[in-house]
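Okay, so here's the structure we're looking at.
The values are calculated or read from the model by the stated rules, or taken from the named source; none is laboratory data. This structure is a prediction, so every number in the text was calculated from the model and none was measured. Heads up, the Cβs are rebuilt from the backbone with ideal geometry, glycines too, and the neighbour counts pull from every protein chain shown. Ligands, DNA and RNA are excluded from the accessible area calculation, which covers all protein heavy atoms including side chains. Shrake-Rupley method; radii C 1.70, N 1.55, O 1.52, S 1.80 Å.
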Amino acid sequence: MKHIITLIPGDGTGPEISEATVKVVEATGVDIEWDVNNAGAEVYEKEGNVLPENVLKSLRKNKVGIKGPITTPVGTGFRSVNVAMRKIFNLYACVRPCKSYEGVKSRYSNLDLVIIRENTEDLYAGIEFELNKPETIELIDFIKEKKDIAIKKDSGISIKPISVSASEKIIKYAFEYAKKNGRKKVTGVHKANIMKYSDGLYLETFRRIASQYPEIESEDRIVDNMCMQLVQKPELYDVLVLPNLYGDILSDLAAGLIGGLGVAPGANIGDEIALFEATHGSAPKYKGLNKVNPTALMLSAVLMLRHINETKAADILEKAISSVIKEGKYVTYDLKEDRNDPTAVGTSEMTDAIVRKIKELS
Ligand code: NAD
């Protein structure tokens, strides 16, 4: 069956790793037509828009996309394209599998965790009150009047909304994910002991939804304890489901457990549209140098292939990537014991090695 997939190459090193990813996906023999539409800083320079309508139209039509990283220039006034796309398409679930691959330097081995992060609310909702603004002063006065709590006048304020509906959606998603992927346990992460009306609501919702999935073990953890547990005994955990901010922080922590951002894939999922992308950014200092590791975007393509039910192609691609990493010969600098190892290869040589491996495995 032929699939039409939106491809957003991104900028910085994005186009190089996107090209590498297309090459390995095509080597699996899966029938894909790439609908290429770009977004980001380089598009902005040409068209005056970081997220042109053709990108949105293509995703609306194709429902599935894969995207290279996009630079968010500091101080230019435009918000992150990544955050904008999550909002426009209500991509409410950010899924980040963190799996150990032999040959990747890491303090742990045999980890296989999945972090599922709520993507639409919490302190990330962007409800911000700036220092000394009239509305900020008004809010401070309102809180004093209604709650008899004195916030310092020289404060900036960020609001943390957590809703029953968004919590229900992400927690259900996590249990369904566990069911579909043969996972045994879901851990709900929160700080309900302190934030009773936001995280408390999240925890209450977690317990209610968990009771509807008796076949899957469930437990909850306070976020600070969760961090310590992940460092001390990460092997005890399976699927973690978290509100937006904790999810953001813990997904990088979990990526660190398996060897870093270079090997951490990701997916942003909504009811209709799914957008796959690496966890790392555009690494602009390496742009055009044929230097960076394409693994994270390739593993995101593995997730994409599973999403479109191309399981065989996904399995072969994952196996080929992990074999090349394990052999350690044709790998980029960051996968070598010493980052200055002169035998490290470039993005395209590592890609060619993975293509050769796919041919052997097919
Ligand atoms: P980054 O992930 O680009 O780089 C962090 C470090 O990791 C750098 O030392 C970089 O060289 C290295 N690195 C990153 N990817 C690598 C790879 N594939 N192989 C080898 N080394 C790699 O993070 P940053 O420098 O904080 O951000 C750069 C830009 O990317 C910023 O504009 C940021 O906003 C953007 N960004 C985009 C996304 C996205 O598109 N989803 C995510 C994060 C950051």
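Observations on the model:
- Inside region 313-334, residues that are touching a helix residue (DSSP H, G or I) at 6+ places or on another chain (Cβ under 9 Å) and either open to solvent by less than 20 Å² (accessible area, probe 1.4 Å) or of a type in the set (S, T, N, Q) (or both) make up a count of 10.
- Every residue from region 291-331 that is among the β-branched types (Val, Ile, Thr), within 16 Å of the ligand (Cβ to nearest atom) and outside any loop (DSSP other than H, G, I, E, B): Thr295, Val302, Ile321, Val324, Ile325
- Among residues of region 288-303 that are outside the structural domain of Ile5 (by TED's automatic domain parsing), none has a Cβ under 8 angstrom from a residue that is buried (at least 24 other Cβ atoms within 10 Å of the Cβ) and charged (D, E, K, R) at a sequence gap of 6+ or on a separate chain.
- Residue in region 154-176 that is touching a residue at least 12 places away in the same chain (Cβ under 8 Å), assigned to a loop (DSSP other than H, G, I, E, B) and at positive phi present: no
- Across region 254-275, the number of residues qualifying as within 15 Å of the ligand (Cβ to nearest atom) and either within 26 Å of Gly328 (Cβ to Cβ) or surrounded by fewer than 17 Cβ atoms within 10 Å (Cβ to Cβ) (or both) comes to 11.
For (1) crowded, with 18+ Cβ neighbours inside 10 Å; (2) free of Cβ contacts under 8 Å to residues at least 60 places away in the same chain; (3) over 20 Å from Glu318 (Cα atoms), each residue gets a yes or a no:
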| position | (1), (2), (3) |
| --- | --- |
| Val25 | yes, no, no |
| Ile32 | yes, yes, no |
| Val36 | no, yes, yes |
| Val43 | yes, yes, yes |
| Gly68 | yes, no, no |
| Arg86 | yes, no, yes |
| Asn90 | no, no, yes |
| Arg96 | yes, no, no |
| Arg107 | no, no, yes |
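- Whichever residue in region 152-169 is surrounded by 15 or more Cβ atoms within 10 Å (Cβ to Cβ) and not basic (Lys, Arg) and, among such residues, is nearest to Lys191 (Cα to Cα): Ile162
- Test: residue in region 276-286 that is more than 10 Å from the ligand (Cβ to nearest atom) and not in a strand (DSSP E or B): no
- The set of residues in region 120-150 being outside any helix (DSSP H, G or I) and farther than 27 Å from Val83 by Cβ consists of Asp148, Ile149, Ala150.
- Of everything in region 335-350 that is more than 23 Å from the chain's Cα centre (by Cα) and hydroxyl-bearing (Ser, Thr, Tyr), the residue that is least open to solvent (accessible area, probe 1.4 Å) is Ser348.
- Residues satisfying the stated conditions in region 210-229, i.e. of a type in the set (Gly, Ala, Ser) and part of a loop (DSSP other than H, G, I, E, B): Ser211
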